[in-house]
Amino acid sequence: MIQRIIEVLLSFPRLPILLALSTIIPAKWPSTWVYLGIIAVLSLIGWAGLARVIRGQVISARNIDYVQAARAIGASDLRVILRHIMPNLSSFLIVTATLALPGYILGESALSFLGLGIKEPMTSWGLLLKDAQNFETLNLYPWLLLPGLMIVISVLAFNFMGDALRDAADTQSR
């Protein structure tokens, strides 16, 4: 039943949901609430894909020899999960968490760039990039592209950090 709920959540496209959210959120709301609403909707939609992959990995880890041996000697389900299955999932969870952050950065920046996210007086990289849409302005003020460079650097930093943490937590190469 949970898997069917996950499949229903995965069937909704993200962009129309975010566009609908931007029309539902009142213009009087402070930017902090708008930001929290965006993150809440991205999280509500985003967990389904992770849950599907985790379920598949748990099912495959359940068939590993030492997991079956632990169950055969009478280890409790909680012990099997915590001692044998979770270490196999740790590297995947770490990488997924570090890759989710750049997704949220890009999602919020894109919505703010389109004028659907954070509004002034608060600022975000997408809102700052909005000023760089005009070529004449960009020709006079080339530093307006710096927020785009910061987005690229932060996304790459989280990706590299995720790769390093995955390599450090990889239990299968030891």
Report task. Could you please let me know if I24 is open to solvent by 100 Å² or more (accessible area, probe 1.4 Å) and under 30 Å from L116 (Cα atoms)? Result -> yes
Report task. Return yes or no: is V95 surrounded by 13 or more Cβ atoms within 10 Å (Cβ to Cβ), closer than 21 Å to A51 by Cα and in contact (Cβ under 8 Å) with a residue 40 or more places away in the chain? Result -> yes
Report task. Please verify whether the range 6-16 includes one or more residues that are surrounded by 15 or more Cβ atoms within 10 Å (Cβ to Cβ) and closer than 24 Å to L116 by Cα. Result -> yes
**Report entry** Residue within the range 147-163 that is open to solvent by 40 Å² or more (accessible area, probe 1.4 Å), over 26 Å from L15 (Cα atoms) and at pLDDT 85 or above present
**Finding:** yes
Report task. Could you please give the count of residues in the range 114-139 that are more than 23 Å from the chain's Cα centre (by Cα) and open to solvent by 90 Å² or more (accessible area, probe 1.4 Å)? Result -> 6
Report summary line: Scanning the range 122-141 for residues that are assigned to a loop (DSSP other than H, G, I, E, B) and over 16 Å from L36 (Cα atoms) gives N134, Y141
Query raised in the report: Here are some residues: A40, A51, A20. Which one is more than 20 Å from L106 (Cβ to Cβ) and either assigned to a helix (DSSP H, G or I) or out of contact with any helix residue (DSSP H, G or I) (no Cβ under 9 Å at 6 or more places or on another chain) (or both)?
Result: A51
Report task. Sort out which residues of the range 55-78 are not β-branched (V, I, T) and not in a helix (DSSP H, G or I), and write them in order of number. Result -> R62, N63, G74, A75, S76
Report task. Of the numbered conditions (1) out of contact with any helix residue (DSSP H, G or I) (no Cβ under 9 Å at 6 or more places or on another chain); (2) not in a helix (DSSP H, G or I), G117 fails exactly one; give the number of that condition. Result -> (1)
Query raised in the report: Restricted to the range 60-91, and to residues that are open to solvent by 40 Å² or more (accessible area, probe 1.4 Å) and within 23 Å of the chain's Cα centre (by Cα), which residue is nearest to M1 (Cα to Cα)?
Result: M86
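The values are calculated or read from the model by the stated rules, or taken from the named source; none is laboratory data. Everything numeric in this text was worked out from a predicted model, so none of it was measured. All Cβ positions, glycine included, derive from the backbone under ideal geometry; neighbour counts span all protein chains shown. Side chains are part of the model used for accessible areas, which takes the heavy atoms of the whole protein and leaves out ligands, DNA and RNA. Shrake-Rupley method; radii C 1.70, N 1.55, O 1.52, S 1.80 Å.
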